[in-house]
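Since the structure comes first, as structure tokens, the remarks are kept for the end.
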Amino acid sequence: MPPLSVVIIARDEADRIAAAIASVSFADEIVILDSGSSDNTPALARQLGARVIETDWPGHVAQKNRALTHAANTWVLSIDADERVSPRLAEAIRALLSSEPAADGYEVSRLSHWMGAPIRHGTWYPDRRVRLFRRDRAAWTGTDPHDHVAVEGSVASLSGDLIHHPYRSLSDHLSTIDRYTARHAEVARARGVTAQWWDVLLRPPLHFVKAYLLKRGFLDGVRGGCVAGLGATYVLVKWLRLYLPEEP
């Protein structure tokens with residue numbers, strides 16, 4: 001069975017890092033890149049057996065690629081501090097690595113929870129992401145704050161879910177929308193991207209229709225409607241920030 005490295009980027013995750021580390025206890029090494037936590041995230045991670053590297057914050061894509069350089073093994077599982085590997089997914093990973101993996105990367109379904117319940121429909125699920133891969137055949141790419149793994153080679157799927165708890169509260173969700181849309185506008189402007197009136201007026205309702213109706217977000221009840229509405233809010237703010245002139 002080839003050895004497995006797990007890499008996690010973190011900052012001020014003392015309340016969630018233990019669960020993330022516990023869910024990957026089957027790995028041969030766990031590497032945490034901490035970007036200036038003000039709580040005891042680094043100390044707690046070390047107590048739980050992880051190797052901690054304290055560093056700065058160059059951005060999502062750059063930080064996750066930096067984490068790969070600290071992994072000692074060819075096979076890497078990359079998760080975030082707000083994610084946990086479910087028992088079924090852990091079993092699938094162990095079974096895969098106990099044989100001869102046929103692909104260079106493997107994608108998993110990410111099951112996100114919102115306000116105490118899983119969201120199983122809409123644009124949030126199955127939200128398949130490549131997270132297990134050969135380090136020499138893959139790299140993180142994308143535009144901050146939205147990143148993804150690009151694999152040079154074949155990609156297959158694994159059973160089981162990666163459990164995701166993206167927001168601690170509604171206030172946290174709203175502040176994330178503010179923070180991420182500001183970063184998106186900054187990066188987009190640097191690339192010369194502009195917005196038109198139809199981006200502001202049409203994209204948000206289209207997102208809601210897609211998430212709530214076409215992808216059956218209504219099956220998640222009130223939470224499904226809230227998630228679809230907040231997703232449309234994200235789209236609105238993202239394009240509005242590009243459409244409006246920058247503050248002097």
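The values are calculated or read from the model by the stated rules, or taken from the named source; none is laboratory data. Only a predicted model underlies this, so the values are computations on that prediction, with no experimental measurement involved. Cβ sites come from the backbone with ideal geometry, for glycine too, and all protein chains shown count toward neighbours.
Below is a table of values for the structure above.
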quantity	calculated
Among the candidates SER109, SER78, SER157, residue that is polar (S, T, N, Q) and crowded, with 20+ Cβ neighbours inside 10 Å	SER78
Residues of the range 46-72 classified as polar (S, T, N, Q), outside any loop (DSSP other than H, G, I, E, B) and under 20 Å from the mean Cα position of the chain (by Cα), total	3
Residue within the range 5-12 that is in a helix (DSSP H, G or I), in the same structural domain as ILE79 (by TED's automatic domain parsing) and crowded, with 17+ Cβ neighbours inside 10 Å present	no
Residue, nearest to ASP12 (Cα to Cα), within the range 29-69, restricted to residues that are of a type in the set (Val, Ile, Thr) and in contact with a His (Cβ under 8 Å, 6 or more places away or on another chain)	ILE53
From SER5, SER35, residue being under 25 Å from PRO87 (Cβ atoms), in contact with a helix residue (DSSP H, G or I) (Cβ under 9 Å, 6 or more places away or on another chain) and not aromatic (Phe, Trp, Tyr)	SER5
Test: residue in the range 111-126 that is farther than 18 Å from ALA67 by Cα, in contact with a strand residue (DSSP E or B) (Cβ under 8 Å, 6 or more places away or on another chain) and either among the small types (Gly, Ala, Ser) or not assigned by TED's automatic domain parsing to the domain that holds GLN63 (or both)	yes
Matching residues in the range 27-45 - criterion: being farther than 28 Å from LEU97 by Cβ and either in contact (Cβ under 8 Å) with a residue 60 or more places away in the chain or part of a loop (DSSP other than H, G, I, E, B) (or both)	SER35, GLY36, SER37, SER38, ASP39, ASN40
Near pairs, Cβ below 7 angstrom, 6+ apart or cross-chain, from the range 130-145 (at positive phi) to any residue that is not in a strand (DSSP E or B)	GLY142/VAL61
